[in-house]
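Asker: Once you've had a glance at the structure underneath, I'll fire off some questions.
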Amino acid sequence: MGRSLQFPADTWVRAVPPRVWIAIGIFLLGVVSGLIVIKLTRRVLERIGISSAIEGTTFERTAGKFGTSTVQIVARLSGYFVILLSVFVAVSVAELQFGDLFWSAAAVFLPQLFIAIVILLIGIVVADKVELMVSERLRGIKLPEINIIPVAAKYSVLFVAILIALGQVGVATLALVVLLAAYALALIVFTAVATKTFLASGAAGVYLLLSQPYSIGDEVVLDGQQGIVYEIDLFVTRIETDSEIHRIPNHRVVDNGIVTVQSA
């Protein structure tokens, strides 16, 4: 009878170099640490009130449609960063052929990439929050041109966040400065053009409030609309007809003239 070959159970274990087992241990430790970081980060962000602070922002609503939230996204990114870092450390310890090729670059680029992503996410959330805050402050001004201010504020914050994020991943500083200067110039020109009517209404409102050609309760004809003056503010005059309230920008009041209806 032929003699059967027997392989001890621990033969293949001894055949594996110790550095590989260390690398596997590092990876498993990284996975566990990453999961812990996800939970801790989520709890910390919730404890300091980030969830309530960003409630109602565009990014938060979009995240909600996918069954997640801004806090969960940031927490998961933190955990994934720890896990990915453990992968690179494990590859380096195992001394795989491609380990050295990636490690030197990854050791520098990976943290920068993570910081850039976090900065970008924070920038998106802050930009949405700024837009909501500015819109809330300007809610009482009923002019179409006023809508440009919250949008400009939002994209200004977002643009700065994008520039900082690009700087983290090594984009040339000079290029960022040029982009920022070009954006600032474009924003100034665009805002000046878009708010021309808005500024004209404000100037006309100052004139009307000082000269008082009409007052609340007077019957007037403004911009072709006849009615009773209901309210006067810096930008618009509201007149009430039978069942409607017309909001007339003050610059149109001044441009088209004022007719006061004398009671019989």
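The values are calculated or read from the model by the stated rules, or taken from the named source; none is laboratory data. Every value quoted in this text rests on a predicted model; they were computed, and no experiment measured them. Cβ coordinates were reconstructed from backbone atoms using ideal geometry, including for glycine residues, and neighbour counts include every protein chain displayed. For the accessible areas, the whole protein counts, side chains as well, though only heavy atoms, and no ligand, DNA or RNA atoms are used. Shrake-Rupley method; radii C 1.70, N 1.55, O 1.52, S 1.80 Å.
Asker: Mind grabbing the accessible area of Tyr207 for me, 1.4 Å probe, Å², rounded to tens?
Answerer: 130 Å²
Asker: Tabulate in residue order the Karplus-calculated ³J(HN,Hα) for region 72-87, using 6.51 cos²θ - 1.76 cosθ + 1.60 with θ = phi - 60°, rounded to whole Hz; enter x for Gly and Pro.
Answerer: Going residue by residue, I get 5, 5, 5, 5, 5, 4, 4, x, 5, 4, 5, 5, 5, 5, 5, 5 Hz, with x marking Gly and Pro.
Asker: For Val261, what residues show an amide H to amide H distance below 5 Å, using hydrogens built from the backbone and excluding near sequence neighbours?
Answerer: The answer is Glu219, Val220, Val221.
Asker: Now, a different point. Label-point separation (nm) for Leu77 and Val177, each offset 7 Å from Cα along Cα-to-Cβ?
Answerer: Result for the modelled spin labels: 2.8 nm.
Asker: Compute the label zone of Val259 within region 200-230: residues whose backbone N is under 11 Å from the point 7 Å along Cα-to-Cβ.
Answerer: It comes to 220-227, nothing else.
Asker: Once ligands and nucleic acids are excluded and a 1.4 Å probe is used, how much of His251 is accessible, expressed in Å² to the nearest 10?
Answerer: My reading of the accessible area for His251 is about 40 Å².
Asker: Would you mind working out the accessible area per residue for region 40-99, using a 1.4 Å probe, and quoting it in Å²?
Answerer: With all protein chains present, region 40-99 gives 61 Å² per residue.
Asker: Along Cα→Cβ, 7 Å out, is where each label goes; now give me the distance between the ones at Lys39 and Ile164 in nm to one decimal.
Answerer: For the pair Lys39/Ile164, the computed spacing is 3.1 nm.
Asker: Let me check something: with ligands and nucleic acids excluded, how do Ile115, Ile239 order by accessible area (1.4 Å probe), largest to smallest?
Answerer: Putting Ile115, Ile239 in descending order of accessible area: Ile115, Ile239.
Asker: Let me ask another. Where does each of Arg61, Arg42, Arg252 land when they are ordered by accessible area, with a 1.4 Å probe and the largest first?
Answerer: The most accessible residue leads, giving Arg61, Arg252, Arg42.
Asker: Hey, with R₀ at 41 Å, roughly what FRET efficiency would Leu210 and Asp242 work out to, going by the Cβ-Cβ distance, to 0.05?
Answerer: My answer for the efficiency is 0.85.
Asker: Given a Förster radius of 41 Å and the C-beta distance between Lys65 and Val31 as r, what FRET efficiency does 1/(1 + (r/R0)^6) yield to the nearest 0.05?
Answerer: E between Lys65 and Val31, to the nearest 0.05, is 0.90.
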